[in-house]
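Values in this text are rule-based calculations from the coordinates and carry no lab data. Being a predicted model, the structure only gives us computed values, none of them experimental. Note that we place each Cβ from the backbone using ideal geometry, even for glycine, and neighbour counts take in every protein chain shown.
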Amino acid sequence: MTIYRIPSILSALLFDMDNTLYTNGEYTRFQLESPVRRLAEIRNTTFDEMQREIAGYRAEYRKTRAAEHPGAQGDAHVSLGNVFLALGVPIEETVRWREELYEPALYLKKDPKLRNTLTALAGSFSLAVVTNNPVLVARKTLAALGVEDLFGVLVGLDTCGVSKPHAAPFLKAAELLGVSPETCVSIGDRYGIDIALPLELGMGGILVDGVEDVYGLGEVLAEKSEIKN
Ligand SMILES: [Mg+2]
């Protein structure tokens, strides 16, 4: 876990979902590969060729970012949704594919430790999910983990029609929770997607390695922040 900033007055926790609220290599791989397989089918090409094209785009993106932001560390991530957008697949199409392809219950099961952690946090903070997956997939994921009732707000790819890192989903979550962005902390597993932009928006940011780090959040936040009820 890397704590970049925790606001002195903290009212809400904005959680990334995938690889943050659960860690499951097989499901992560499926989520990354299945839309690429579909795109390859549509383009009448092979999965490997499609992967090469995507890797090429990502490499180019990283080079451009590095040139534009010399000295910036680890923020050259680009979401799969934005890669697809660059390859001509509109965000609405990505949303539809994911809704059709992803069945989190096939991979995830109830996580009582996560539930205990989030229940305790919900006593002090408002909780939201801000994900690049569609809201429907987010609902199914949280249900599979057994924590769907603990989040007041779900912001997905189809809420604002843009993929993180973009200000809109983070600001939308704060707005829907009725809190100011400066009193939110964004928690996620990818610096360039989940942390860098929230920090620019004046939010806090905590980078996690997976759900194991989330289990320890209660202790970290109790130590570092003045809880505002
Ligand atoms: Mg993630």
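Which of the trypsin sites (Lys or Arg not before Pro) found in the range 1-72 are in a DSSP loop and have at most 16 neighbouring Cβ atoms, other than their own, within 10 Å?
Those satisfying the criteria are Arg43.
log₁₀ I(q)/I(0) of the range 26-104 at q = 0.12, 0.16, 0.19 Å⁻¹, via Debye over equal Cα point scatterers, no solvent, to two decimals?
The Debye formula, applied to the Cα set alone, gives -0.38, -0.65, -0.86.
Give the lysines whose C-alpha is closer than 26 Å to that of Lys63, dropping any in the same chain fewer than 8 places away, or say none.
Lys164
So for the chain: antiparallel DSSP bridges make up what percent, rounded to the nearest 5?
Antiparallel: roughly 15 percent of the beta bridges in the chain.
Please list the equivalent ellipsoid semi-axes of the chain, computed as the square roots of five times the alpha-carbon gyration tensor eigenvalues, in descending order and whole angstrom.
Equivalent ellipsoid semi-axes, largest first: 29, 21, 15 Å.
In a shell of Cβ-Cβ distance under 15 Å around Ala40, excluding Ala40 itself, what net charge do Lys and Arg (+1) and Asp and Glu (-1) give?
Value of the local net charge: -2.
How would Val211, Val185 line up from fewest to most surrounding beta-carbon atoms within 10 angstrom?
So the residues, fewest neighbours to most, are Val211, Val185.
State, to one decimal in nm², a quarter of the convex hull surface area for the C-alpha atoms of the range 127-229, i.e. the direction-averaged projected area.
Quarter of the Cα hull surface area: 6.4 nm².
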